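Structure first, then comments.
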Amino acid sequence: MKKMFLSVALVTSLFTFASKNLYACDIHGHSGFLPENKLSIPVGLKSLGGLNEVQFNQVLDKMLSLYSGIVAQRGAKLIIDRRWTDPTVNSYAHQNTPGAYTIVAFGGLARHSEVTPDAMALVACHELGHHLGGAPKKIAPDGWAANEGQADYWGTMKCLRHFFEGDNQQAALQNLNVPSLVSSRCNSQYSNREEQLVCQRVAMAGAALGKLLNAVSNDKVVASYATPDSTIVIQTFNDHPKTQCRVDTFLQASLCDHTISETDSDTDSNVGVCSVRNGDKVGNRPLCWFRP
């Protein structure tokens with residue numbers, strides 16, 4: 001009986017360890033891109049907006065095209081598991097298959113009324129950020145996944161800017177009603193007109209996801225770039241920050257003027273990004289989740 005008890009305990013322990021190390025944004029929604037929710041948006045209920053299947057695949061095709069080679073340089077393969085018919089309103093990343101960096105994209109999330117093609121790209125970038133975003137990690141020092149705030153930050157600052165490169169930014173921004181707060185901050189941070197427009201577009205994708213997070217979380221106070229979270233954490237928070245804090249992360253990441261090509265570090269959270277240690281005054285990760 002003792003041996004059986006130890007065996008069960010060992011299996012349970014290994015399962016718990018595997019779950020913590022192999023998943024970031026797990027399939028059950030407990031740590032998905034969105035908070036745990038019971039929303040279900042099956043095919044055919046796309047009546048108020050959201051993406052159609054062609055748009056869904058266009059975003060994910062482009063993500064594969066841009067990052068398959070980069071992932072291959074790490075000795076791995078980028079896999080995007082497309083579940084268009086699945087009504088789940090979430091997404092997640094995992095490394096369950098040896099040598100594979102996997103993103104799971106559900107059609108239910110893509111069909112949500114607040115999701116635009118740019119917002120969908122940012123969700124995919126967040127999931128890729130778990131794989132490529134560097135420090136801080138969910139489980140230090142050997143965890144594979146960048147923590148949730150870092151996945152938001154890297155996904156916005158590095159991935160989404162790369163995703164938008166070469167597009168007609170004026171056309172993309174035409175119907176987005178960019179607030180003066182966003183345009184003025186982007187224009188102050190960047191001198192190049194193309195970079196200013198990319199900054200605005202990236203920030204607006206973050207604003208769209210802020211609306212999605214508000215809707216799914218049933219937040220009583222609507223998150224806004226004009227009302228940043230004043231919380232200061234005493235240690236870096238690895239799980240999902242509150243909606244306002246995540247929105248702040250999207251904005252600061254859009255304002256970080258470090259180049260996309262700068263190498264990130266799996267151990268040093270100051271490498272390749274804006275930080276106080278690097279002398280940056282704008283574009284730093286918000287203190288509502290990150291402790292410098």
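Return the total of residues in region 262-286 being crowded, with 18+ Cβ neighbours inside 10 Å and either at pLDDT 95 or above or under 16 Å from residue 237 (Cα atoms) (or both).
9
Has region 239-249 got any residue that is in contact with a Lys or Arg (Cβ under 8 Å, 6 or more places away or on another chain), closer than 21 Å to residue 183 by Cβ and not aliphatic (A, V, I, L, M)?
Checking region 239-249: at least one residue is in contact with a Lys or Arg (Cβ under 8 Å, 6 or more places away or on another chain), closer than 21 Å to residue 183 by Cβ and not aliphatic (A, V, I, L, M).
Could you identify the single residue in 192, 218, 238 that is within 30 Å of residue 37 (Cα to Cα) and free of Cβ contacts under 8 Å to residues at least 40 places away in the same chain?
218
Could you identify the single residue in 135, 119, 93 that is part of a helix (DSSP H, G or I), buried (at least 18 other Cβ atoms within 10 Å of the Cβ) and small (Gly, Ala, Ser)?
Unique residue meeting the criteria: 119.
For region 39-52, enumerate the residues that are loosely packed, with under 15 Cβ neighbours inside 10 Å and modelled with pLDDT under 90.
Answer for region 39-52, where residues must be loosely packed, with under 15 Cβ neighbours inside 10 Å and modelled with pLDDT under 90: 44, 45, 47, 48, 49.
Check every one of the helices (runs of 4 or more DSSP H) wholly within region 140-233 and list those with 1 or more residues that are farther than 24 Å from residue 113 by Cα and charged (D, E, K, R).
Because the criterion is at least 1 residues that are farther than 24 Å from residue 113 by Cα and charged (D, E, K, R), the helices (runs of 4 or more DSSP H) in region 140-233 that meet it are 180-189, 193-217.
Kindly indicate the residue of region 150-186 that is among the small types (Gly, Ala, Ser) and farther than 14 Å from residue 122 by Cβ and also surrounded by the most Cβ atoms within 10 Å (Cβ to Cβ) among those meeting that condition.
Going residue by residue through region 150-186, those that are among the small types (Gly, Ala, Ser) are 151, 155, 166, 171-172, 180, 183-184.
Narrowing the set further to residues that are farther than 14 Å from residue 122 by Cβ leaves 166, 171, 180, 183-184.
Numbers: 166: 8, 171: 8, 180: 7, 183: 16, 184: 11.
That would be 183.
Could you list, ordered by first residue, the pairs with Cβ atoms under 7 Å in which the first is in region 53-77 and surrounded by 14 or more Cβ atoms within 10 Å (Cβ to Cβ) and the second is of a type in the set (Ser, Thr, Tyr) and assigned to a helix (DSSP H, G or I), at least 6 apart or interchain?
Cβ pairs passing all conditions: none.
The values are calculated or read from the model by the stated rules, or taken from the named source; none is laboratory data. Fair warning: this is a prediction, and the values are worked out from it, not measured in the lab. Please note: Cβ atoms are built from the backbone with ideal geometry, for glycine as well, and neighbour counts cover all protein chains shown.
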